[in-house]
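See below for the structure under consideration.
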Amino acid sequence: MAGLSGLGPFLRPYRLQIALAVLFLVGAAVTTLVVPAALRQLIDQGFNAPDAGTRLVSLREHFLMLFGAGVALALFSASRYYAVTWLGERITADVRTAVYSHVLRQSPEFFETTQTGEVLSRLTADTTLVQTVVGSSLSLGLRNTVMGVGALGLLVWTNPLVMTQVLGLLVLVVLPAVYFGRRVRRLSRASQDRLADSSAIAAEVLNAIPVVQSYTQEGLEAQRFSTATERTFGTAVKRIRARSILVAFIISATFAGLLWGLYQGTQAVIHGDITAGHLGQTVFYIIILIGSVAVLAEVWGDLQRAAAATERLMELLSARSPIQQPARPRALPAVAGGSSVRLSDVGFHYPSRPLTPALQHVSLEVRPGETVALVGPSGAGKSTVFQLLLRYYDAQQGRIEVDGVDVREAALDTLRSRIGLVPQDSVIFSASAMDNIRYGRPDATDDEVIAAARAAHADGFLRALPEGYDTFLGERGVRLSGGQRQRISIARAILKNAPLLLLDEATSALDTESERAVQAALEQAMQGRTTLVIAHRLSTVINADRIAVLDHGMLVDVGTHAELMARCGLYQQLASAQFDSASPTAVSAPQPAPSPASFPAA
């Protein structure tokens, strides 16, 4: 089946286990087919012995043969169950791991169009369907195919004229079955898509519970989820209806054809053409064939659902990030005292907003060990500079260098290992405080983690937690305040000890007292490394070596605080909105901002 072909690479490493499973499967099927023949011998020979003693011995021998067949069937069936169930669990785990690992390497562009809930649905619901098929349905299908084909072949061999007629009738069943099977597959795909929509809504809302509750929108969100769930249910009902029709048609048509063959067999016994044992064997094979067809009808529906699920998983695996490792990455030189950064005529727009430039002709050089602040109104392009440095995106124009190497020519892991990031929205994982800080450098010792926490002024509140550094912080750090989460994020970056530090509103969630303490810690941590700081509160960056002013994606001016206060109108406007107008350093009347071409690029 084309939809399941994507599982080929995951099945290939387990060829030996698959071969054993097939061997056990065929053994179970053949043993099942042997039972009717043994039953025929029991009837025709066991009861037809000339005397009672011989009849008793013959019956015992035949019953022992049947018992032996039963034991063999039990052993083969148990071995088949273990082998195929192991394969189902193993391959599902491999698929789930491969998809998750692949998604983790996608650029942010991927998540601009793909919801997290959609990915989670594919990782859970879709892989569960694959597990059901590989670990159960597929083996049942193969076993019943062998049994059905074997029973049909033996029926044709023992009753060629009658069963050839039956076989002709069964062929007529195939065409409608194929039609309904394709419809089940389309509806299965639609059903999984609707389920993913519900999962996406739930994931989004559950991550924003405080906002939902503060606006008293619980009823609205419950209704949204209910509507999505009802759409899922409606699509599922269509799939179930189509599959029910498929099963009913296959079983009834097959049963009708086989009853015709059974009727012909009874007539043959009446006319003395076959023995009673022969008829018993025929009945048994008919029962096996009917049962096999019924199971295959069920399995066919499962295979269609799994094919649709596999297609969705393969779509994720086939997604290719536009950010690729260079074929021959250049090595970054060793540095001491911080990394250098150079932006040369950089132009960029986000893929989701191709007509809106995020950066236009930006040129900026940051020397090793220098602290440069990026300021400007919201949407000026400050965070975009960070994203390009980390190579979440590639600039469409110009060149970005770290330590003299174009970021597109450096290995991604090497590039990002040189950069420590403190994002505006602190990310706390569902783990202990110790593990959250150690995320910055997994091989760090406990003492190094504690030293980083002290530098970020996080040691005090962490030791006050119920289990200290080993306290579980909850999902997204719900047990901490915003300022505490921010300080853990800062400690993580300090522990990484990268030569280039990016601070994106690193103190935005702190109160004034904590901000002073953390600012002092950050200034100490910034010693000996290059730092780029994004800040809306200019009070946190007035002591930076230089300040770069951005507006609408353009670099307006670069200079110290005093220089910009003297000549940059936009910076004056930003400052006047924050500093005390009575202060001697308050801005004078705003002056028109010079054009980017009116001063040399830094």
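The values are calculated or read from the model by the stated rules, or taken from the named source; none is laboratory data. Being a predicted model, the structure only gives us computed values, none of them experimental. Quick note on the areas: whole protein, heavy atoms, side chains included, nothing else; ligands and nucleic acids left out. Shrake-Rupley method; radii C 1.70, N 1.55, O 1.52, S 1.80 Å.
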### Exposure ranking of Phe10, Phe348 by accessible area [1.4 Å probe, largest first]
Phe10, Phe348
### Task
Please calculate the 1.4 Å probe accessible area of Val146, with all protein chains present, and give it to the nearest 10 Å².
50 Å²
### Query
Binned at 10 Å from 0, what are the whole-percent values of the Cα-Cα distance distribution for region 222-353, short to long?
9, 17, 17, 14, 12, 12, 8, 6, 4, 2, 0
#### Entry: Carbon + sulfur, % of accessible area of region 290-403 - ligands and nucleic acids excluded, 1.4 Å
53 percent
#### Entry: With DNA, RNA and ligands ignored, accessible area of Met526 (1.4 Å probe; Å², nearest 10)
20 Å²
### Summary
Counting only protein heavy atoms and leaving out ligands, DNA and RNA, the solvent-accessible surface of Ile251 at a 1.4 Å probe, in Å² to the nearest 10, equals 60 Å²
### Task
Using a 1.4 angstrom probe on the protein heavy atoms only, line up Lys496, Lys382, Lys238 by accessible area, largest first.
Lys238, Lys496, Lys382
### Message
For a bin width of 10 Å, list the pair-distance distribution of region 270-427 built from all Cα-Cα distances, rounded to whole %.
### Response
8, 24, 21, 10, 7, 7, 7, 6, 6, 3, 0
